[in-house]
Amino acid sequence: MPKLRSLLAGVFAPALVVASLLSVPAMAQEDAMPREKWSFEKLFGTFDLAAAQRGFQIYSGVCSNCHSLKLLHYRDLSGIGLEPEQIKAVAAGFTVPLGTDDQGNPKEGPATPASAFRSPFANDKAARVANNGALPPDLSLIVNAREGGANYVYGILTGYVPAPAAFKMQDGLYYNKMYPGHQIGMPQPLQDGTVEYTDGTGTSLDQEAHDVVTFLSWAANPETVERKQIGVRVVLFLVFMTGLTYAVKRKVWSNVHH
Amino acid sequence: MAGLTKSEFANPVINWIDTRLPIFTMMQKEYGVFPTPKNFNYFWNFGALAMVNLVIMIVTGIFLAMNYQPNTELAFDSVQHIMRDVNYGWLIRYVHQNGASMFFIVTYIHIFRGLYYGSYKAPRELLWMLGVVILLLMMATAFMGYVLPWGQMSYWGATVITNLFSAFPVVGPKIVTLLWGGFSVDNPTLNRFFALHYLMPFVLVGVIFLHVAALHITGSNNPLGIDVKTPQDTLPFHPYYTIKDSVGICVFLIVLSALVFFAPNYLGDPNNFIPANPLVTPADIVPEWYFLPYYAILRSVPNKLLGVCMMFGSLMVLFVLPWLDTSRVRSARFRPVYRPLIFVWVLAVILLGICGAHKPEGVWVILSRVCTVYYYLHFLVILPILGKLERPLPLPESISHPVLGGRGGGPLPGGALAKLMEKA
Ligand code: HEM
């Protein structure tokens with residue numbers, strides 16, 4: 001057994017050295033990357049539903065003018081705690097394409113819970129034309145699609161500061177301390193008081209950014225809460241099985257001399 | 001060898017079948033009473049774990065294939081459809097995704113076990129070589145599988161890796177066109193990769209069958225690296241190793257579950273959440289973690305053809321390892337010089353993995369070159385010479401009498417050593 005232990009140490013010691021080496025470049029960026037507290041990041045954390053709903057309000061009121069959320073359907077909003085009637089009402093407020101009419105002409109009409117979220121532009125080209133050549137990315141997976149995840153997106157939304165005097169800005173771009181290269185094609189979308197919340201929550205920029213990022217984190221990983229809940233049960237069961245199996249193993253091996 | 005089997009099973013149905021098709025007798029012989037060295041440590045779990053892992057991959061893969069669309073227009077969204085709309089689709093996908101990483105973790109430990117305890121040496125050379133074939137097939141399968149979700153890294157990884165073949169003179173460009181099914185990575189590429197990704201695991205099943213068949217001819221090695229001499233050295237596989245493997249499987253499942261349920265994207269690349277776009281190249285194209293050491297070797301060589309050869313060579317050298325290592329002592333326990341050196345080699349591989357994750361600039365180039373040279377040095381120079389120079393510790397008489405011949409541990413006289421190494 002001590003042999004095995006030294007062997008394992010031999011394997012894992014290098015692995016530890018490696019892990020610490022790997023974390024060096026991560027630390028170098030740390031000053032720029034915000035360290036927000038997120039309701040969903042803890043091991044058993046769930047989504048703060050009120051925040052996610054406020055975030056949905058911001059998405060629909062602000063971001064959806066430029067960004068699509070193609071992978072979502074209105075019915076999915078039950079995931080942030082909306083009731084079926086509320087979802088119906090929300091969906092009915094959007095006009096979406098509904099295939100063709102009897103004459104074969106494209107038809108539009110109010111969305112139903114089964115409809116996909118309405119996209120602001122017909123295609124990428126139209127989106128670029130409306131945004132000075134920059135393409136607003138689909139936000140369905142944006143939190144997963146960037147190093148730093150929720151903190152990064154939060155950093156973008158709160159990262160608009162005056163450009164340093166020596167910094168040469170290109171026309172039509174905006175200074176953002178989070179964005180790689182610091183010149184982003186998105187005008188600052190949120191300020192203090194951009195929206196008005198019905199639940200009386202303050203509307204500082206930080207609060208708004210926090211809420212919309214909570215919503216987008218849910219949109220990117222809607223299975224998170226169910227996943228963790230099942231995970232806890234599965235792992236507990238497996239730990240129990242490991243104990244049981246190990247006990248049986250001890251019993252079976254008890255008559256072997258080695 | 002025609003003729004009915006004399007079956008010893010009492011159950012009349014089983015007996016009837018077994019008489020005509022002796023699968024029950026075979027299972028009993030190969031997995032029931034099969035004599036197995038009694039001194040295995042937990043490193044001997046990893047072959048069985050790899051087998052379990054392969055089954056998990058095949059089962060989840062088939063369910064994924066039921067909802068996946070191998071078409072460049074649809075692939076990315078169909079994967080998200082699985083994640084969001086298919087019942088427990090996220091579970092199936094995350095198990096398949098993280099299962100691939102676990103497969104490599106398990107197999108790399110399995111290979112390390114072989115290196116440490118000298119399981120590649122006579123008479124297990126062919127068994128080892130089949131293992132290397134398995135590793136190559138696994139890599140091809142994983143590479144093609146990673147292309148299927150059609151994210152940015154899928155696309156650009158496929159482009160970079162398939163382009164490597166163009167380095168070969170004359171046939172290179174033809175091979176690349178064949179892989180692509182056209183003039184760039186595109187829909188035909190995705191289609192054939194899907195077909196092959198579905199096929200290869202079943203080829204793997206076949207090669208693993210041969211691997212295990214060969215194992216059951218030579219019998220297993222063991223931590224002492226000496227041959228089984230008497231029945232006292234062994235235990236029947238069942239129940240001793242079935243239960244011990246079960247413990248390992250439970251622990252394996254805990255690790256897999258921890259990844260799947262609590263950190264499913266930890267080992268993934270954020271870029272693969274962006275749909276493939278041939279017009280936008282990611283800042284740095286990196287493969288999955290289990291390919292990073294080879295990728296570092298590739299990028300450490302300035303000449304493309306040489307780099308490709310060095311990369312493939314780093315795996316090919318494993319085929320001839322049984323003849324490069326000239327020491328007749330199997331287990332590193334009795335090889336005082338080889339024992340630390342194998343850890344240095346592991347360290348070099350890990351460092352190569354880190355280099356592979358960084359852009360080949362500055363210190364990373366130097367480090368990856370040093371490690372690449374050491375990787376080859378270990379196999380091509382150190383092992384052949386070491387076998388001649390090293391004075392092994394005295395080997396135990398047998399597995400059941402692990403008492404050493406004399407105290408103090410001077411090496412045995414050459415003749416006695418050779419006698420011990422003979423097959424019992
Ligand atoms: C799909 C991957 C693989 C599967 C499912 C698999 C399966 C197995 C199983 C079940 C055993 C017997 C149990 C044990 O000794 O751990 C075994 C033994 C062995 N495998 Fe593999 N294997 C795989 C890959 C490899 C690879 C890639 C190599 C080497 C490059 C390898 C080399 C060996 C050797 C040398 C043995 C005999 C070990 C001994 O008896 O000490 N295997 N394999």
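Residues checked against (1) aromatic (Phe, Trp, Tyr); (2) farther than 30 Å from B:Ile399 by Cβ; (3) assigned to a strand (DSSP E or B); (4) within 10 Å of chain A (Cβ to nearest Cβ):
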site	(1), (2), (3), (4)
B:Ala213	no, no, no, no
B:His216	no, no, no, no
B:Asn222	no, no, no, no
B:Gln232	no, no, no, yes
B:Gly248	no, no, no, yes
B:Asn271	no, yes, no, yes
Leading residue by the ranking (farthest from B:Val301 (Cα to Cα)) among those in the range B:377-391 that are under 25 Å from the mean Cα position of the chain (by Cα) and crowded, with 17+ Cβ neighbours inside 10 Å:
B:Leu383
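Just give me the residues in the range B:277-291 being part of a loop (DSSP other than H, G, I, E, B) and more than 13 Å from chain A (Cβ to nearest Cβ), in sequence order. Break it down stepwise before answering.
Here is the first cut: in the range B:277-291, the ones part of a loop (DSSP other than H, G, I, E, B) are B:277-288.
Residues satisfying the conditions are B:Pro278, B:Thr281, B:Ile285, B:Pro287, B:Glu288.
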Of everything in the range A:147-183, what is within 14 Å of another protein chain (Cβ to nearest Cβ) and either out of contact with any Lys or Arg (no Cβ under 9 Å at 6 or more places or on another chain) or among the basic types (Lys, Arg) (or both)? Give them in sequence order.
A:Glu147, A:Gly148, A:Gly149, A:Ala150, A:Tyr179, A:Pro180, A:Gly181
Pairs where the first residue, in the range B:343-359, is more than 9 Å from chain A (Cβ to nearest Cβ) and the second is modelled with pLDDT under 95, C-beta under 6 Å, 6+ apart
B:Lys359/B:Asp284
Boolean, B:Leu204 is more than 16 Å from the chain's Cα centre (by Cα) and more than 22 Å from B:Asn41 (Cα to Cα)
no
Within the range B:197-221, restricting to residues that are within 7 Å of the ligand (Cβ to nearest atom) and in contact with a Leu (Cβ under 8 Å, 6 or more places away or on another chain), the one that is farthest from B:Ala122 (Cα to Cα) is B:Leu204
Within the range B:250-269, residues more than 8 Å from every other protein chain (Cβ to nearest Cβ), assigned to a helix (DSSP H, G or I) and aromatic (Phe, Trp, Tyr) come out as B:Phe252
Does B:Gly248 fit the bill of being within 13 Å of the ligand (Cβ to nearest atom), among the small types (Gly, Ala, Ser) and touching a helix residue (DSSP H, G or I) at 6+ places or on another chain (Cβ under 9 Å)?
yes
Sort through B:Thr162, B:Thr141 and tell me the only one that's out of contact with any Ser or Thr (no Cβ under 9 Å at 6 or more places or on another chain) and surrounded by 21 or more Cβ atoms within 10 Å (Cβ to Cβ).
B:Thr141
Of the candidates A:Leu43, A:Leu71, the one satisfying the condition of being facing chain B (nearest Cβ under 10 Å), at pLDDT 95 or above and either more than 30 Å from B:Pro223 (Cα to Cα) or assigned to a loop (DSSP other than H, G, I, E, B) (or both) is A:Leu71
Could you identify the single residue in B:Thr141, B:Thr107, B:Thr162 that is part of a helix (DSSP H, G or I), within 10 Å of the ligand (Cβ to nearest atom), among the polar types (S, T, N, Q) and under 26 Å from B:Trp180 (Cβ atoms)?
B:Thr141
What helices (runs of 4 or more DSSP H) completely inside the range B:1-91 contain at least 2 residues that are within 16 Å of the ligand (Cβ to nearest atom) and surrounded by 14 or more Cβ atoms within 10 Å (Cβ to Cβ)?
B:46-65
Positions within the range A:45-65 being charged (D, E, K, R) and within 11 Å of A:Trp218 (Cα to Cα), in sequence order:
A:Asp48
Can you run down the residue pairs with Cβ atoms below 6 Å, 6 or more apart or on separate chains, where the first is in the range A:209-232 and free of Cβ contacts under 8 Å to residues at least 24 places away in the same chain and the partner is in a helix (DSSP H, G or I)?
A:Glu223/B:Trp90; A:Arg227/B:Phe261; A:Gly231/B:Phe261; A:Gly231/B:Phe262
Which ones in the range A:116-134 are touching a residue at least 40 places away in the same chain (Cβ under 8 Å) and either out of contact with any Phe, Trp or Tyr (no Cβ under 7 Å at 6 or more places or on another chain) or not basic (Lys, Arg) (or both)?
A:Ala116, A:Phe117, A:Ser119, A:Pro120, A:Phe121, A:Ala127, A:Ala130, A:Asn131, A:Asn132, A:Gly133, A:Ala134
Odd one out for B:Val185 among (1) among the hydrophobic types (A, V, I, L, M, F, W, C); (2) assigned to a helix (DSSP H, G or I); (3) touching a Ser or Thr at 6+ places or on another chain (Cβ under 8 Å):
(2)
Failed criterion for A:Ile156 (all others in (1) within 14 Å of the chain's Cα centre (by Cα); (2) closer than 20 Å to B:Gly151 by Cα hold):
(2)
Just a yes or no: is a residue in the range B:110-124 crowded, with 16+ Cβ neighbours inside 10 Å, more than 9 Å from the ligand (Cβ to nearest atom) and away from chain A (no Cβ under 14 Å)?
yes
Residues (within 12 Å of the ligand (Cβ to nearest atom) and not hydrophobic (A, V, I, L, M, F, W, C)) located in the range B:228-241
B:Tyr241
What single numbered condition from (1) buried (at least 18 other Cβ atoms within 10 Å of the Cβ); (2) more than 9 Å from the ligand (Cβ to nearest atom); (3) over 30 Å from A:Leu71 (Cβ atoms) fails to hold for B:Ala100?
(3)
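Conditions (1) part of a helix (DSSP H, G or I); (2) at the interface with chain B (Cβ under 8 Å from one of its Cβ atoms), marked per residue:
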| site | (1), (2) |
| --- | --- |
| A:Trp218 | yes, no |
| A:Glu226 | yes, no |
| A:Gly231 | yes, yes |
| A:Thr245 | yes, yes |
| A:Asn255 | no, no |
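The values are calculated or read from the model by the stated rules, or taken from the named source; none is laboratory data. Everything numeric in this text was worked out from a predicted model, so none of it was measured. Virtual Cβ from ideal backbone geometry, glycine too; neighbours counted across all protein chains shown.
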